[in-house]
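Novice: Submitted below is the structure of interest, expressed as structure tokens.
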Amino acid sequence: MAAPRAVLLLSGKRKSGKDFVAEELRSRLGPDVCTILRLSGPLKEQYAKEHGLDFQRLLDASAYKEMFRQDMIRWGEEKRHTDPGFFCRAAVEGALQPVWVVSDTRRLSDVEWFQDAYGDVVQTVRVVATEETRKKRNWVFVTGVDDTESECGLDQGVAFDWVITNDGDKVALGKQLEMLVQSLHRSL
């Protein structure tokens, strides 16, 4: 595994558009330059194995995943408590591109792990959208999900390097992403 030249840690509330922003960045940089890493992938894969569930169905935005979300959060927290870098190490395994976009950074321990492992190449990116926009994207507040560390862990304690507003204005979003991409090109 080659050391990355840039690691972008994306965070934000559910339905803020973190995955969309990650895909836009990869599209602008190209798949040979940029890879998207998901901390939830290794988590869901291990959870599915241990609980006899369909891993692929846990990856999509289905009712199937929602049935297990709260228990998966609890289980993931137990794993992190034992080993804070468990899912981070699994996510970066095999990544070869010079730019890594971690699309689902949710906890201060995730940020700290990446900063300890990769130092100055790490940049934090907060993706924000108004509650109204998130509701238009079918977000509904769920007690035990939206009020836990998996959704609120980075609401404070992090001075974000970038804040990307993703409220549906494609022109404004494009300008913000172009500034970030230009900055990344300078580090390549």
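Novice: At 222 nm, what helix-only mean residue ellipticity would the chain give, in deg cm²/dmol to the nearest 500, using -39500 (n - 2.57) for each DSSP H run of four or more? The partial results should precede the final answer.
Specialist: Working: 9 runs with 95 residues, N = 188.
Helix-only estimate at 222 nm: -15000 deg cm²/dmol.
Novice: Now for a separate question. Considering only protein heavy atoms and a 1.4 Å probe, what is the carbon-and-sulfur percentage of the accessible area of the chain?
Specialist: Details: 4940 of 9700 Å².
Carbon plus sulfur share of accessible area: 51 percent.
Novice: What whole-number distance in Å separates the alpha-carbon centres of the range 111-186 and the range 50-74?
Specialist: Going from one Cα centre to the other spans 23 Å.
Novice: Accessible area per residue of the chain at 1.4 Å probe, in Å²?
Specialist: Details: 9700 Å² over 188 residues.
Using a 1.4 Å probe on heavy atoms only, each residue of the chain averages 52 Å².
Novice: Then there is this: What is the packing order of peptides 82-92, 22-32, taking the mean over residues of other C-beta atoms within 10 Å and listing the highest first?
Specialist: Working: 82-92: 17.6, 22-32: 16.1.
Answer by packing, highest mean first, reads 82-92, 22-32.
Novice: Shape call for the range 61-134 from the C-alpha gyration tensor, a ≥ b ≥ c root eigenvalues: rounded (a/c under 1.5), prolate (a/b greater than b/c) or oblate?
Specialist: The shape class here is oblate.
Novice: Could you list the GluC sites (Glu not before Pro) in the range 40-141 that lie in coil according to DSSP, counting only those with at most 16 other Cβ atoms within 10 Å of their Cβ?
Specialist: Details: sites: GLU45, GLU50, GLU66, GLU77, GLU78, GLU93, GLU112, GLU131, GLU132; in loops: GLU93.
Loop-located and lightly packed - GLU93.
Novice: Would you kindly calculate the mean projected area, averaged across all directions, of the convex hull enclosing the Cα atoms of the chain, in square nanometres? Mind dumping the intermediate values first?
Specialist: Details: hull surface 41.7 nm².
Average projection, Cα convex hull of the chain: 10.4 nm².
Novice: Could you name the aspartates and glutamates whose alpha carbon sits less than 18 Å from that of LYS49, not counting residues in the same chain fewer than 8 places away?
Specialist: Reachable aspartates and glutamates: ASP60, GLU66, ASP71, GLU77, GLU78.
Novice: Once you charge only the Cβ atoms, +1 for Lys and Arg and -1 for Asp and Glu, what is the size of the charge dipole of the range 84-166 about its Cα centre, to the nearest 20 debye?
Specialist: Details: 8 positive and 14 negative charges, 69 e Å.
Charge dipole of the range 84-166: 340 debye, to the nearest 20.
Novice: Which one, GLY85, LEU37, ASN166, is farthest towards the positive end of the dipole of the chain when Lys and Arg carry +1 and Asp and Glu -1 on their Cβ?
Specialist: Positive-most Cα among the choices belongs to ASN166.
Novice: Check GLN123: other-chain or 5+ apart residues with amide H under 5 Å from its amide H, H built from backbone geometry?
Specialist: VAL7, LEU8, LEU9
The values are calculated or read from the model by the stated rules, or taken from the named source; none is laboratory data. It should be emphasised that the depicted structure is a prediction, and the values quoted were computed from it without experimental measurement. So basically every Cβ, Gly included, is an ideal-geometry build from the backbone, and we count neighbours across all protein chains shown. To get the accessible areas, we keep the full protein, side chains included, count just its heavy atoms, and leave off ligands, DNA and RNA. Shrake-Rupley method; radii C 1.70, N 1.55, O 1.52, S 1.80 Å.
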